[in-house]
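The values are calculated or read from the model by the stated rules, or taken from the named source; none is laboratory data. Everything numeric here is computed off the predicted structure, so don't read it as measured data. Cβ placement follows ideal geometry from the backbone for every residue including glycine, while neighbour counts extend to all protein chains displayed. Protein only, heavy atoms only, side chains kept; ligands, DNA and RNA dropped before computing areas. Shrake-Rupley method; radii C 1.70, N 1.55, O 1.52, S 1.80 Å.
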Amino acid sequence: MTLPLSPLLHFSHVNKRFTVDGQPIEAIHDFNLDVAPGEFVAIVGSSGCGKSTLLRLLIGLDREFQGAIELDGVAVDGNASDCAIVFQEHRLFPWLTVTQNIALGLATQPLEKAERDRRIAGFIELVGLSAFSQAYPHQLSGGMAQRVAIARGLVASPRVLLLDEPFAALDALTRQQLQDELLTLRAKASITALLVTHDVEEAIYLADRVVVMAPRPGRIKRVVAINLPHPRHRGSYEFHQLREELLHELTREGPYVAPSRELIRDVEALYIAC
Ligand SMILES: Nc1ncnc2c1ncn2[C@@H]1O[C@H](COP(=O)(O)OP(=O)(O)O)[C@@H](O)[C@H]1O
Ligand SMILES: [Mg+2]
């Protein structure tokens, strides 16, 4: 008998309120989620439903909340090496080279210089930027800069990689390239990832499970397992079905009723006949 893996990340009855102009705003209401080691979970939801707030609580940037957030059974305390986070903007230091920016990810780790250099070079190679190791951020494209940000996040071998709309500012082609690279990195570096996105397609393409959030107050509406093998095909019937279902959850009330394959075939036949 195989026992289920105990969760690496555990959110239990998390509630978070802000006060704006003396009025309470319930940013997160009763958020419960377990993430297994090695799992890739995406959180989708419209702007303002508490996605970034959740990540801030998880990395200990904000400690005023109700409920519990645990990493490996221990309440999160903002320890820098437990979680790495990648934002929509790359947040690289313009006066540092690619190598120096990635080295910042190891700032809190007591490593021998040779080991430090080896780790940094390894990650630069992993994100395909060996020819740019001495380049400065202004010499990089948006996609390259985001690869550096991901390498900086992973170089310290964090327990969890957090991604807050990491590809939202990139053009569609670069976004798709980086999504594929993230899946390759995930396989090579066996990372556990929590991705925040408003892009339903991105969530289905990358994640093992998708958490759909609803706003005001920010809460979980549904959790959907994505049981499609990799590589996933955006044009497949199953992918299309999941996209429709998740979009329905995000934008409408009431249960989603999937059209049957037969109905789709009939409609296609009608189009051809016309
Ligand atoms: N520092 C803050 N002070 C007051 N309200 C905030 C603060 N940060 C976020 N909020 C509010 O909390 C809600 C969730 O915000 P956020 O987590 O940034 O949403 P998302 O990342 O899903 O777009 C929003 O209503 C936002 O206005
Ligand atoms: Mg946000």
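Quick look at the numbers
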{"quantity": "Choice from Val20, Val127, Val41 with maximal GNM fluctuation in the chain (Cα, 10 Å cutoff)", "calculated": "Val20"}
{"quantity": "Principal axes of region 178-235: Cα extent on each, largest first, Å", "calculated": "38, 26, 18"}
{"quantity": "Ratio Rg/Rh [Cα only; Rh per Kirkwood] for region 95-157", "calculated": "0.94"}
{"quantity": "Amide H within-cut-off set for Arg222, under 5 Å, with H built and near neighbours excluded", "calculated": "Val212"}
{"quantity": "In Å², nearest 10: area of Tyr256 left accessible to a 1.4 Å probe", "calculated": "60"}
{"quantity": "Solvent-accessible ranking of Leu247, Leu183, largest area first, probe 1.4 Å", "calculated": "Leu247, Leu183"}
{"quantity": "Accessible area (Å², 1.4 Å probe, nearest 10) - Phe40", "calculated": "0"}
{"quantity": "Candidate residues Thr184, Thr192, Thr19: accessible-area rank, largest first, probe 1.4 Å", "calculated": "Thr19, Thr184, Thr192"}
{"quantity": "GNM top mover of Leu161, Leu246, Leu126 - the chain, alpha-carbon springs below 10 Å", "calculated": "Leu126"}
{"quantity": "Region 96-132-region 145-220 distance, computed between alpha-carbon centres (Å)", "calculated": "21"}
{"quantity": "Overall form of region 149-199 per C-alpha gyration tensor (a/c, 1.5; a/b vs b/c)", "calculated": "prolate"}
{"quantity": "Phi-based couplings in Hz for region 201-206 (Karplus 6.51, -1.76, 1.60; Gly and Pro marked x)", "calculated": "5, 4, 4, 5, 5, 9"}
{"quantity": "The chain, helix-only ellipticity at 222 nm - DSSP H runs n ≥ 4, -39,500 (n - 2.57), divided by all residues, nearest 500", "calculated": "-10500 deg cm²/dmol"}
{"quantity": "P(r), alpha carbons of the chain - 5 Å bins starting at zero, rounded %", "calculated": "1, 5, 11, 15, 17, 15, 13, 10, 6, 3, 2, 1, 0, 0, 0"}
{"quantity": "Interchain or long-range residues, amide H under 5 Å from Val196's placed H", "calculated": "Ile43, Leu163, Asp164, Glu165"}
{"quantity": "Volume per residue that the Cα convex hull of region 195-274 spans, once the total is divided by residue count, Å³", "calculated": "116"}
{"quantity": "Size of electric dipole in the chain: Cβ of Lys, Arg +1 and of Asp, Glu -1, about Cα centre, debye, nearest 20", "calculated": "380"}
{"quantity": "Listed residues His90, His13, His248 arranged by accessible area, highest first, probe 1.4 Å", "calculated": "His13, His90, His248"}
{"quantity": "All aspartates and glutamates inside 13 Å of Lys221 as judged from Cα atoms, apart from same-chain residues fewer than 8 positions distant", "calculated": "Asp30, Glu245, Glu249, Glu253"}
{"quantity": "For region 46-153: rounded, prolate or oblate by the Cα gyration tensor [a/c cutoff 1.5]", "calculated": "oblate"}
{"quantity": "DSSP-defined antiparallel bridges as percent of all bridges, the chain, nearest 5", "calculated": "55"}
